[in-house]
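Remarks on the structure that follows.
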């Protein structure tokens, strides 16, 4: 079979998804077009223009089906390249613009969210198969569409949300390497039983909750917990202010307690990255948005104990012992969440010091081998639909 795969905003999680998909189905001839994850407003509005007029030969090369991310402006692309409208199409949604947090920095640009929301709605309505990476993503998308349509002034078609209710949930698979035994370069947990090793492996951006992370670290230091924090993840030219403050705070913490500093910075080498995760005790999330949480899932698969806020997608796959939440609704959610997280970290630090094992979460259902049947069923549904469509085209009486 021959497939066209389009990734219009090819961020890390999107690359992981398409690479794992190709690894699961090596007999399919995959032909890809991708665009870099930058210039978001232009990318989501202009991808159809870029591809239709720069890559027409690739787009019209007689495929069996089309698989595209929800960032693709599919309705416009089909208008520019009508041949694509005849392909059975699955749209995969890594995230949605209805549940994306606003940057609290007053200096940050304030783009109009309605346009990318409408574009994603058009693309979803074009899909023969619509797939989300989590139930949280699916439900917030459908709720967001309903709210948006309710705000429009007139001539809004009825039943649009109902047309999308058939959407499937199939997570992004985790690579098999994170479930294999990992050679530990340095087993810090064994050599330093009195130091809790925490990893925060997220992009250095506002939507990953740097203010909450700073509040957690400040309270951890004040409470006297001996810990080391590894700050991983992609960095950009302008780091959020809380992360800049955090680095100076950690330097003083390590110096005062005589603790070797944690790693700070992106680790490009995959093997080294996995080895560091495998040597840590806890993987911490402070995210304001996560529609699946791949970085936390990978760390958990490698043996870290996950700790995440009791909101977003996390309750779908983590039990209450791995979640923290504000205990009071007093308008100080960051401080309350930080306090709840610190209480859990204090308990785990005590357990480690006593030689007790920390609780572990089972994320086997996210591995490639577990999800392969779900993706195979999706692709079968697409190709079966194509055969039916072709039969109906060749024999109009069959359509009745």
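The values are calculated or read from the model by the stated rules, or taken from the named source; none is laboratory data. None of the values given here were measured: they were computed from a predicted structure. As a convention, Cβ positions derive from the backbone with ideal geometry for all residues, glycine included, and neighbour counts pool all protein chains shown.
Residue under question is residue 316, and the condition is that it be without any contact (Cβ under 8 Å) to a residue 40 or more places away in the chain, over 19 Å from residue 222 (Cβ atoms) and assigned by TED's automatic domain parsing to the domain that holds residue 213; does it hold?
no
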Item checked: Inter-residue pairs, beta-carbon under 8 Å, first free of Cβ contacts under 8 Å to residues at least 40 places away in the same chain and in the stretch 274-291, second assigned to a helix (DSSP H, G or I), 6+ apart -> 290/296; 290/314
Notebook entry, point to check: Out of the stretch 58-82, which residues are over 16 Å from residue 10 (Cβ atoms) and either modelled with pLDDT under 95 or not in a helix (DSSP H, G or I) (or both)?
Noted result: 60, 61, 62, 63, 64, 65, 66, 81
Check: List the pairs whose first member sits in the stretch 110-128 and is over 15 Å from residue 149 (Cα atoms), whose second member is modelled with pLDDT of 95 or more and surrounded by fewer than 19 Cβ atoms within 10 Å (Cβ to Cβ), and whose Cβ atoms are under 7 Å apart, counting only residues at least 6 apart or on separate chains?
Finding: 123/75; 126/75
Check: Which of the helices (runs of 4 or more DSSP H) contained wholly in the stretch 208-289 include at least 3 residues that are out of contact with any helix residue (DSSP H, G or I) (no Cβ under 8 Å at 6 or more places or on another chain) and assigned by TED's automatic domain parsing to the domain that holds residue 304?
Finding: 241-257, 270-279
Next item on the list: For residue 94, work out the one condition from (1) surrounded by 15 or more Cβ atoms within 10 Å (Cβ to Cβ); (2) under 26 Å from the mean Cα position of the chain (by Cα); (3) free of Cβ contacts under 8 Å to residues at least 40 places away in the same chain it doesn't fulfil.
Entry: (3)
Item checked: Any hit, the stretch 336-348, residues being free of Cβ contacts under 8 Å to residues at least 40 places away in the same chain, within 25 Å of residue 171 (Cα to Cα) and either buried (at least 17 other Cβ atoms within 10 Å of the Cβ) or outside the structural domain of residue 221 (by TED's automatic domain parsing) (or both) -> no
Next item on the list: Select from the stretch 1-32 the residues that are within 17 Å of residue 369 (Cβ to Cβ) and part of a loop (DSSP other than H, G, I, E, B) and list them in ascending order.
Entry: 25, 26, 27
